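Reading through the structure tokens given below for one structure.
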Amino acid sequence: MRLALSSILLALCLSLPAHGADKVTGNGPAADVAAINKVVEQFKAAIIAHDGKTLGSLFLQDHDSWLSVADDGVWAKVKARNPKARKVFPGSWKKFAEMIQNADKPVEERFYNVRIDTNGAVASVWFDFDFLDDGKVTNRGSESWQMVRAEDGWKISSMLFSMGD
């Protein structure tokens, strides 16, 4: 009996994707959801390839709205080291693309439970993520992109993400 139950549990675990990996849900015109998902895939591939130029091309060029928010655990550690630290602080896709381009070790961002909502002109993308530096998770949390369909396709107009353990 115990062996049968163990076998069933193992089969269930192997049949389910870890963290909902590669699961994408979308609301809106199917062609737009597919095009936005293509941007998501290009983003992930550009990080792995250390391709800052491609990564940068996925953003609106004249706009840089990027915010990081420390979760309570991370913020407590940061505040212990620096009492003047802020919980929410701005960043830059340009600096991120440069960091990826110049990384001397493997980097990757894994996305889970990707949700895309669009009306064909604007879109919201939400997902959970793990960011890996040299194979080790250095950040995990949730990330949200606001996107617009510009003259040359879908572009990320703003990004908000949490920083967690």
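Overview of values
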read-out	value
Selection within segment 46-70 - at pLDDT below 95, acidic (Asp, Glu) and either surrounded by 16 or more Cβ atoms within 10 Å (Cβ to Cβ) or closer than 17 Å to GLU109 by Cβ (or both)	ASP64
Segment 79-108, residues that are surrounded by 15 or more Cβ atoms within 10 Å (Cβ to Cβ) and either of a type in the set (S, T, N, Q) or over 20 Å from LEU55 (Cα atoms) (or both)	GLN101
Residue list for segment 113-165, filter: polar (S, T, N, Q) and out of contact with any Ser or Thr (no Cβ under 9 Å at 6 or more places or on another chain)	ASN119, THR138
Failed item in (1) free of Cβ contacts under 8 Å to residues at least 60 places away in the same chain; (2) not in a strand (DSSP E or B), with PHE89 passing the rest	(2)
Where ARG2 falls short, out of the listed (1) modelled with pLDDT under 90; (2) over 14 Å from the mean Cα position of the chain (by Cα); (3) surrounded by 10 or more Cβ atoms within 10 Å (Cβ to Cβ); (4) not aliphatic (A, V, I, L, M)	(3)
Residue tally, condition closer than 22 Å to MET159 by Cα and either of a type in the set (Val, Ile, Thr) or outside any strand (DSSP E or B) (or both), over segment 59-77	11
Cross-chain or 6+ apart pairs with Cβ under 6 Å, segment 65-82 first and charged (D, E, K, R), then outside any strand (DSSP E or B)	LYS79/ALA85
Evaluation of PHE43 against (1) free of Cβ contacts under 8 Å to residues at least 60 places away in the same chain; (2) surrounded by 13 or more Cβ atoms within 10 Å (Cβ to Cβ); (3) closer than 25 Å to GLU151 by Cβ (one fails), failing number	(1)
Any hit, segment 128-136, residues being within 15 Å of the chain's Cα centre (by Cα) and on the phi > 0 side of the Ramachandran plot	no
Hits in segment 5-40 (condition: at pLDDT 85 or above, surrounded by 16 or more Cβ atoms within 10 Å (Cβ to Cβ) and of a type in the set (A, V, I, L, M))	VAL33, ALA35, ILE36, VAL39, VAL40
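The values are calculated or read from the model by the stated rules, or taken from the named source; none is laboratory data. Everything numeric here is computed off the predicted structure, so don't read it as measured data. Glycine gets a Cβ as well: all are built from the backbone with ideal geometry, and neighbour counts include every protein chain shown.
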